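Enquirer: For reference, the structure I am asking about is given below.
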Amino acid sequence: MKPAILALRGLGAGVPEGLAEHFTVHRPPGGDLDGLARHIGQEVRAIATGGSTELPGALIDRLPALEIVACYGVGYEAIDAAALARRGIVVTHTPGVLDDEVANTAIALLLAVTRRIVAHDRYVREGRWLREGNAPLTHGLAGRTIAIAGLGRIGLAIAGKLAVFGCRVVYHSRRPRADVALAYYADLTAMARDADVLIAVLPGGDGTRNLIGRAVLDALGPQGTFINVGRGTVVDEAQLVAALAEGRLGAAGLDVFADEPHVPAELIGMDNVVLLPHVGSATVETREAMGRLLIDNLLSWYKDRKALTPVPECRHMQE
Ligand code: NAP
Ligand code: 8YV
């Protein structure tokens with residue numbers, strides 16, 4: 001008999017169908033987790049879910065046979081992985097396979113914002129080129145300092161891609177990396193003060209909430225650009241809106257927001273901001289790779305109790 005798996009919100013297209021080849025897939029009708037737990041709670045051995053989809057402890061309590069939670073995505077801030085690990089439940093995610101595409105998204109936002117690609121597109125469409133003449137000049141990237149907050153897998157991919165632009169790349173994280181030659185800043189505000197552009201690619205959750213607040217944004221300054229492809233919660237969104245509105249921050253390119261899919265109304269009307277609907281990893285190829293890795297983690301677990309890409313909190317659980 002195929003093991004029973006609970007498929008929750010946040011899975012990519014095709015993932016439930018892929019799971020169905022190996023598992024009996026249960027999806028909560030109308031999101032009714034309570035009803036589902038009542039009916040098949042004793043049977044559920046696995047959960048497949050999005051890393052930003054809340055996984056209530058009260059639900060876990062009702063799934064006594066649960067062994068593994070497989071997340072679609074690398075970020076898993078909505079999952080209390082340490083608590084699950086203590087209960088002997090392994091959590092997996094999909095690191096690595098999306099680095100290149102998320103890094104491309106960061107570079108696309110960087111160019112779109114600094115070269116005003118979207119604003120200039122509007123300039124043409126609105127007939128302003130004809131009426132007003134050439135669009136205003138912008139600034140290039142060569143010789144600029146680009147700061148990366150969070151030099152992990154994706155941050156490193158961004159740094160690699162930035163090498164061709166002739167800019168200086170610096171970074172901040174809690175610890176310096178021994179394997180990179182880039183300048184390290186222990187102090188995020190000090191780094192922002194020295195930077196022309198700050199690219200955030202930090203994980204979400206309580207540990208990074210509002211890490212980028214008024215001090216960092218003011219340090220980046222009126223000529224500075226802020227790009228975020230990590231999680232919206234790492235920046236104090238009200239402070240970001242105020243800094244842009246008051247001209248204390250120059251421009252922003254945002255793929256992620258604090259309360260998705262809600263975007264602060266003030267940002268919509270701003271010409272110096274490029275907004276994306278959390279599409280960092282959203283190519284057919286990358287999403288397929290994420291779905292495949294999620295399923296391969298489950299299959300590997302059921303084959304020999306070894307998950308392929310457990311989250312750090314669960315790495316010790318490999319038998
Ligand atoms: P990763 O390899 O774990 O890198 C995270 C980096 O952040 C590490 O360098 C870590 O270094 C640093 N960091 C963590 N907590 C920090 C803190 N409190 N202060 C300063 N630095 C901190 O993760 P990744 O694979 O690169 O992914 C990063 C994040 O990107 C994910 O967690 C996810 O939220 C987001 N993401 C977004 C998209 C999208 O579609 N926009 C797609 C994929 C991922 P230290 O441990 O040394 O501090
Ligand atoms: C996805 C992401 O958008 O991997 C992550 O952490 O944010 C993105 O790859 C998400 O996980 C799937 O909706």
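The values are calculated or read from the model by the stated rules, or taken from the named source; none is laboratory data. Treat the numbers as computed from the prediction; the structure is a model and nothing was measured. Here the Cβ positions follow ideal geometry from the backbone for every residue, glycine too, while neighbour counts run over all protein chains shown.
Enquirer: Just to be sure, is residue 46 in the same structural domain as residue 202 (by TED's automatic domain parsing) and at pLDDT 95 or above?
Expert: Working: in the same structural domain as residue 202 (by TED's automatic domain parsing): no; at pLDDT 95 or above: yes.
Taking the combined requirement at face value, the residue does not satisfy it.
Enquirer: Can you tell me which residue within the stretch 75-88, out of those that are surrounded by fewer than 24 Cβ atoms within 10 Å (Cβ to Cβ) and within 12 Å of the chain's Cα centre (by Cα), is farthest from residue 258 (Cα to Cα)?
Expert: 75
Enquirer: Just to be sure I understand the filter: pairs with C-beta atoms under 7 Å, separated by 6 or more residues or on different chains, first member in the stretch 9-30 and more than 15 Å from residue 296 (Cβ to Cβ), second member part of a helix (DSSP H, G or I). Which pairs pass?
Expert: Qualifying pairs under 7 Å: 25/16; 25/19; 26/36; 26/40; 27/16; 28/36.
Enquirer: Filter the stretch 200-221 down to the residues that are of a type in the set (A, V, I, L, M) and not in a loop (DSSP other than H, G, I, E, B) and list them by number.
Expert: Applying the first criterion (of a type in the set (A, V, I, L, M)) to the stretch 200-221 yields 200-202, 211-212, 215-217, 219-220.
Of everything in the stretch 200-221, those that are of a type in the set (A, V, I, L, M) and not in a loop (DSSP other than H, G, I, E, B) turn out to be 200, 212, 215, 216, 217, 219, 220.
Enquirer: So which residues in the stretch 234-250 are buried (at least 22 other Cβ atoms within 10 Å of the Cβ) and within 19 Å of residue 114 (Cβ to Cβ)?
Expert: Hits for the stretch 234-250 are 235, 240, 243, 249.
Enquirer: Do you know which residues across the stretch 137-156 are over 19 Å from residue 192 (Cβ atoms) and crowded, with 22+ Cβ neighbours inside 10 Å?
Expert: Answer for the stretch 137-156, where residues must be over 19 Å from residue 192 (Cβ atoms) and crowded, with 22+ Cβ neighbours inside 10 Å: just 154.
Enquirer: How about the stretch 98-199: which helices (runs of 4 or more DSSP H) wholly inside it have at least 1 residues that are farther than 22 Å from residue 221 by Cα? Please lay out each step first, then the result.
Expert: Working: elements: 99-114, 117-125, 128-132, 153-162, 188-194.
It comes to 99-114, 117-125, 128-132, 153-162.
Enquirer: With respect to residue 275, is the statement that it is surrounded by fewer than 17 Cβ atoms within 10 Å (Cβ to Cβ), under 19 Å from the mean Cα position of the chain (by Cα) and more than 30 Å from residue 5 (Cβ to Cβ) true?
Expert: Yes; evaluated as a whole, the condition is true for this residue.
Enquirer: Right, next: When the residues of the stretch 75-118 are narrowed to those that are among the small types (Gly, Ala, Ser) and over 30 Å from residue 136 (Cβ atoms), which ends up farthest from ligand 1 (Cβ to nearest atom)? I'd like the intermediate steps shown before the answer.
Expert: Kept after step one, since they are among the small types (Gly, Ala, Ser), are these residues of the stretch 75-118: 75, 78, 81-83, 85, 88, 96, 103, 106, 108, 112.
Then keep just the ones that are over 30 Å from residue 136 (Cβ atoms); that gives 75, 78, 81-83, 85, 88, 96.
Numbers: 75: 3, 78: 11, 81: 12, 82: 15, 83: 18, 85: 17, 88: 24, 96: 7 Å.
So, considering only residues that are among the small types (Gly, Ala, Ser) and over 30 Å from residue 136 (Cβ atoms), the one farthest from ligand 1 (Cβ to nearest atom) is 88.
Enquirer: Is there a residue being under 30 Å from residue 198 (Cβ atoms), among the charged types (D, E, K, R) and either assigned by TED's automatic domain parsing to the domain that holds residue 154 or under 21 Å from the mean Cα position of the chain (by Cα) (or both) anywhere in the stretch 1-12?
Expert: Of the residues in the stretch 1-12, the ones under 30 Å from residue 198 (Cβ atoms) are 10, 12.
Adding the requirement that they be among the charged types (D, E, K, R) leaves none.
Checked the stretch 1-12: no residue is under 30 Å from residue 198 (Cβ atoms), among the charged types (D, E, K, R) and either assigned by TED's automatic domain parsing to the domain that holds residue 154 or under 21 Å from the mean Cα position of the chain (by Cα) (or both).
Enquirer: Checking the condition modelled with pLDDT under 95 and either of a type outside the set (Lys, Arg) or under 26 Å from residue 202 (Cα atoms) (or both), which residue from 51, 18 passes?
Expert: Details: 18 fails: modelled with pLDDT under 95.
Checking each option against the conditions leaves just 51.
Here's the yes/no breakdown for (1) under 25 Å from residue 96 (Cα atoms); (2) away from ligand 1 (no atom under 11 Å from the Cβ):
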site	(1), (2)
182	yes, yes
203	yes, no
220	no, yes
255	yes, no
281	yes, no
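Enquirer: Something else about it: Does the stretch 65-74 include one or more residues that are touching a residue at least 60 places away in the same chain (Cβ under 8 Å), within 16 Å of ligand 1 (Cβ to nearest atom), in contact with a helix residue (DSSP H, G or I) (Cβ under 8 Å, 6 or more places away or on another chain) and in a loop (DSSP other than H, G, I, E, B)?
Expert: The answer is yes; a qualifying residue exists.
Enquirer: So, in the stretch 222-236, exactly how many residues are free of Cβ contacts under 8 Å to residues at least 40 places away in the same chain, within 16 Å of ligand 1 (Cβ to nearest atom) and either touching a Pro at 6+ places or on another chain (Cβ under 6 Å) or not in a helix (DSSP H, G or I) (or both)?
Expert: Of the residues in the stretch 222-236, 4 are free of Cβ contacts under 8 Å to residues at least 40 places away in the same chain, within 16 Å of ligand 1 (Cβ to nearest atom) and either touching a Pro at 6+ places or on another chain (Cβ under 6 Å) or not in a helix (DSSP H, G or I) (or both).
Enquirer: Moving on to the next point. Could you please find all residues in the stretch 276-310 being without any contact (Cβ under 8 Å) to a residue 60 or more places away in the chain, farther than 21 Å from residue 17 by Cα and either in contact with a helix residue (DSSP H, G or I) (Cβ under 6 Å, 6 or more places away or on another chain) or hydroxyl-bearing (Ser, Thr, Tyr) (or both)?
Expert: If the condition is that a residue be without any contact (Cβ under 8 Å) to a residue 60 or more places away in the chain, farther than 21 Å from residue 17 by Cα and either in contact with a helix residue (DSSP H, G or I) (Cβ under 6 Å, 6 or more places away or on another chain) or hydroxyl-bearing (Ser, Thr, Tyr) (or both), then 306 is the only one that fits.
Enquirer: Looking at the stretch 102-126, which of its residues are among the hydrophobic types (A, V, I, L, M, F, W, C) and surrounded by fewer than 18 Cβ atoms within 10 Å (Cβ to Cβ)? Lay out the reasoning, then the answer.
Expert: If we filter the stretch 102-126 for residues that are among the hydrophobic types (A, V, I, L, M, F, W, C), which is where we start, we get 102-103, 106-113, 117-119, 124.
Once the filter is applied, which keeps residues that are among the hydrophobic types (A, V, I, L, M, F, W, C) and surrounded by fewer than 18 Cβ atoms within 10 Å (Cβ to Cβ), the stretch 102-126 yields 111, 117, 118, 124.
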